[in-house]
Amino acid sequence: MTDIGTAAWVMARCADLTRHSSRPDALERVYLSPEHSAANTAVRAWMLDAGLDTETDAAGNIWGRRSADGAPQRPATPGEPTLVLGSHLDTVPDAGRYDGMLGVVLAIAVAHRLREVALPFALEVVGFSDEEGTRFGKALLGSCAASGQWDPAWWDQADADGVTLREAFARFGLAPDRVGDAARDPADLVGYLEAHIEQGPVLEARNLPLGYVTTIAGARRFVLTVTGEARHAGGTPFARRRDALVAASHLVTRIEELAIAADCLATVGDIHVQPGAVNVIPGRAELTLDLRGRTDAGRDALWEQIAAAGRGIAAERGVAFEFAETHRAPSTACADRLKAAVADGIGEATGAAPGDVLGLWSPAGHDGMAMDAVTDVGMLFVRCRDGISHHPDEHVEPEDVGVALDAFTAAVLALAREHRPAGPAEPSALVEPAAPVEPVETLGEVR
Ligand SMILES: [Zn+2]
């Protein structure tokens, strides 16, 4: 049994959690499933070992808490400032073992390391119950409940088996009419800090184990519809065709060109063609479009270009172009003081000079997008191999997890120093020094 509070313990617990899967051959753990319950039970035991008292909230999120002086504490004392660390425990289908889980387990290990340390705030760890939205098609359900943003319109959304969110709540032992109890009071919160694998290739390309997040991009999603004319594939010469799929194909390649030029991300992930027969010219094509950018303004400007391209291609090819927006989220800026704390932590753990710590934007969504409604948000990114995520090949190096653990702990202590500007009790003086960390090579660009 490895020691709680070490990288080996974190790696082993991420491996343990793969047992709680609805599929024998792959990892899939969705909201309000028996596996969700089993994962909460496992995490609860680890939280207790780390000196936290635990509670499952009204939306199935698992929480652990200690008071400022280090005693396990439940429930929270209203008005006591509280720093929340955490991530999510649900997965996509056929998932890797680190997306979400690494952040929860790291947070527990940090709490264990700091269990003897008095802090100027209570410390909580949360394992959010739904971030991916795999089961009900709506992401961030756990953190939306915790941030008081639950929308009653979601209750009737059903999973693939027709089970509504309301029914799933009851089966899990939760009372739908109590979901508001999960909402946290912004007045009690100091901030929300999350560690997460990068899910992209930037840190690896720069030979860096860690970075801090500047903003979490908000996506815009559309359904684009191209309408032409379905006719006989044999009897209709090219000059007479109004082929919806050919027009849509031109648009897809144009979308990629425009997104690359705009330094944004655009993905057409699904196409439906009607009538969909081998000997009929497609009369209608429906495409999904997902847009993300470093800034909302850049993303929105790209959309205007795409819409113009759609109209232009439609005019050239004698088809109709229409669109409907299905989702729009603003980007979430990480708070300056939390970015500074995470950067300080990375500097302390890696030996990098303050100006040499990399800040990067997250094209992927995270629980911080919801928690931003109730408190400041900060994130620590951990390098993952080849940027692979949402796939069983997701991989992090134990050495990087060790440095992440040191940096995450140091970030909490940096916030503690900031929170308690005066007085003799310098929090970092009370903590046992972490094992020395080999400095890593860093590159000096911050963006
Ligand atoms: Zn995640």
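Throughout, read-outs are computed from the coordinates displayed, never taken from laboratory work. It should be emphasised that the depicted structure is a prediction, and the values quoted were computed from it without experimental measurement. All Cβ positions, glycine included, derive from the backbone under ideal geometry; neighbour counts span all protein chains shown.
Mind giving me the FRET efficiency for Arg74 and Glu325? R0 is 25 Å, r the Cβ-Cβ distance, nearest 0.05 is fine. Don't skip to the end; give the middle numbers.
Numbers: r = 43 Å, r/R0 = 1.70.
Efficiency computed from Cβ-Cβ geometry: 0.05.
Which loop trypsin sites (Lys or Arg not before Pro) in the stretch 146-238, with loop taken from DSSP, have no more than 16 other Cβ atoms within 10 angstrom of their Cβ? Can you show the working numbers first?
On the way: sites: Arg166, Arg171, Arg178, Arg184, Arg206, Arg220, Arg221, Arg231; in loops: Arg184, Arg206, Arg231.
Here the trypsin sites (Lys or Arg not before Pro) that fit, given the DSSP loop and packing criteria, are Arg206, Arg231.
Can you compute the label reach from Arg240? Point 7 Å from Cα along the Cβ direction, backbone N cut-off under 18 Å, restricted to the stretch 253-291.
Residues passing the 18 Å test: 279-283.
Skipping prolines and chain starts, which residues have an amide H placed within reach, meaning under 5 Å, of the one on Ser362, given they are 5 or more residues away or on another chain?
Here the answer is Thr214, Thr215, Ile216, Ala217, since their amide H atoms fall under 5 Å of that of Ser362.
Normalising by the residue count of the chain, find the relative contact order in percent from Cα pairs under 8 Å and 6+ residues apart.
Working: 1012 pairs, mean separation 88.6, N = 447.
Once divided by the residue count of the chain, the mean separation gives 20 percent.
Please list, in chain and number order, the residues 5+ apart from Met379 or on another chain whose amide H is under 5 Å from its amide H, with Hs placed from the backbone.
Sorted by chain and number, the residues that satisfy this are Glu194, Val213.
For the chain, set up a Gaussian network in which alpha carbons nearer than 10 Å are linked by springs, and say which option among Val268, Val374, Val84 fluctuates the most.
Val268
On a 0 to 90 degree scale, rounded to 10, what angle separates helix 34-49 from the longest Cα axis of the chain?
Once rounded, one gets 20 degrees.
Please give, to one decimal in nm, the separation of the simple spin-label points placed at Ala38 and Asp156, each 7 Å out from Cα toward the Cβ.
Here the modelled spin labels are 3.5 nm apart.
Please list 3J(HN,Hα) in residue order for the stretch 403-408, calculated via the Karplus relation 6.51 cos²θ - 1.76 cosθ + 1.60 where θ = phi - 60°; whole Hz, with x for glycine and proline.
Each residue's phi maps through the Karplus curve to give 5, 4, 4, 4, 5, 5 Hz.
On full extension of the chain, what length is gained from Ala315 through Asp177, given 0.36 nm per residue of separation minus the C-alpha to C-alpha distance?
Working: separation 138, 0.36 × 138 = 49.68 nm, distance 5.17 nm.
Gain in length upon complete extension: 44.5 nm.
If you take all C-alpha pairs in the chain, what percent of them are over 27 Å apart? Provide the component values of the computation, followed by the final result.
Details: 55686 of 99681 pairs.
So the pairs more than 27 Å apart make up 56 percent of the total in the chain.
Could you tell me how many degrees, from 0 to 90 and to the nearest 10, lie between the Cα long axis of helix 244-262 and the main elongation axis, the longest principal axis, of the Cα atoms of the chain?
For helix 244-262, the angle is close to 40 degrees.
Calculate, in nm to one decimal, what Thr18 and Ala205 gain on full extension: separation in residues at 0.36 nm each, minus their alpha carbon distance.
Numbers: separation 187, 0.36 × 187 = 67.32 nm, distance 2.83 nm.
In short, 64.5 nm is gained.
Output the 0 to 90 degree angle, nearest 10, between the alpha-carbon long axis of helix 101-113 and the longest principal axis computed from the alpha carbons of the chain.
For helix 101-113, the angle is close to 10 degrees.
Can you work out the Karplus-derived ³J(HN,Hα) for every residue in the stretch 2-18? Use 6.51 cos²θ - 1.76 cosθ + 1.60 with θ = phi - 60°, whole Hz, and x for glycine or proline.
For the stretch 2-18, the Karplus curve yields 7, 6, 4, x, 10, 4, 4, 5, 4, 4, 5, 6, 5, 5, 3, 5, 5 Hz.
Per residue of the stretch 352-363, what does 6.51 cos²θ - 1.76 cosθ + 1.60 with θ = phi - 60° give for ³J(HN,Hα)? Whole Hz please, x for Gly and Pro, Karplus curve as stated.
6, 5, x, x, 9, 8, 7, x, 9, 8, 9, x
With a cut-off of 8 Å between alpha carbons and a minimum separation of six or more residues, what is the relative contact order of the stretch 219-327 in percent? Don't skip to the answer; put the middle values down first.
Details: 211 pairs, mean separation 48.1, N = 109.
Rounded, it is 44 percent for the stretch 219-327.
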